[in-house]
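Colleague: Sharing a structure with you now.
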Amino acid sequence: MAPLKKKTNDEYRVPSLAEADSAYADLIAKRMGLEQRYSELNTQRSKLLGEIAAAKAAGGKYIAPAVAELLGGPKEGTSVAELSRQLREVATEMAHIEDAREVLFRRTAEARDVASKTVCVTVRQEYQRRLTAVCEAARALEAAREEHDALLDDLEREDVRVGYLGPVRPFFLGDRGQGQVFHFLKEVREAGHNV
């Protein structure tokens, strides 16, 4: 794959979907916020699972932090039951985020259509300008090919052994008259572009 050309400041810039439509931008921001929260909850879940495993390994012994403080000893960990409750809360919130992500996925797909239409309306004139340039270049290429092939035709009519010339035929353009350029220009017209 060829590296992408870096844009200079004066080049045409296509607006992003988020720039084109604030509703789409809001959905993307919401999705990013949910992803961040989900990541935080996942980290918290892993920590709780580790604490539960450690508490179970210690035999589930538990002294309330206030009692441990009165006894002057180190504060004991949270009970397995409390850790399990916290884990359930985290798991429930994660499940809600997963459900919300599915809804956001559908809403984002719908908003993407609206934003895409807006971007296309915005860039239509620039696209038309560039498509026109491609069509003009294609027509010029086809005309140059015709001149090239006409010279080779003249040489062959005169029974000249053109092998000494080392001719190269532009087969990549397809058949003469109705080759690749012809079909490309036909497709452009069928797509509704007047170039």
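The values are calculated or read from the model by the stated rules, or taken from the named source; none is laboratory data. Since this is a predicted model, take the numbers as computed values, not measurements. Cβ: placed from backbone, ideal geometry, glycine included. Neighbour counts: every protein chain shown. All accessible areas refer to the heavy atoms of the entire protein, side chains included, with ligands and DNA or RNA removed. Shrake-Rupley method; radii C 1.70, N 1.55, O 1.52, S 1.80 Å.
Colleague: Regarding region 98-106, can at least one residue be identified that is open to solvent by less than 50 Å² (accessible area, probe 1.4 Å), under 28 Å from residue 193 (Cβ atoms), assigned to a helix (DSSP H, G or I) and of a type in the set (A, V, I, L, M)?
Modeller: No, every residue in region 98-106 fails to be open to solvent by less than 50 Å² (accessible area, probe 1.4 Å), under 28 Å from residue 193 (Cβ atoms), assigned to a helix (DSSP H, G or I) and of a type in the set (A, V, I, L, M).
Colleague: Would you point out the residue of region 151-175, among those that are surrounded by 10 or more Cβ atoms within 10 Å (Cβ to Cβ) and outside any helix (DSSP H, G or I), that is farthest from the chain's Cα centre (by Cα)?
Modeller: Only one residue fits best here, namely 160.
Colleague: Also, quick follow-up: Which count do you get for residues in region 140-180 that are of a type in the set (Lys, Arg) and within 29 Å of residue 195 (Cα to Cα)?
Modeller: The total comes to 3.
Colleague: Identify, by number, the condition in (1) assigned to a loop (DSSP other than H, G, I, E, B); (2) open to solvent by 70 Å² or more (accessible area, probe 1.4 Å) that residue 193 doesn't meet.
Modeller: Result: residue 193 passes all but (2).
Colleague: I'd like to check something: does region 14-25 contain any residue that is open to solvent by 60 Å² or more (accessible area, probe 1.4 Å), over 30 Å from residue 122 (Cα atoms) and either part of a helix (DSSP H, G or I) or modelled with pLDDT of 95 or more (or both)?
Modeller: no
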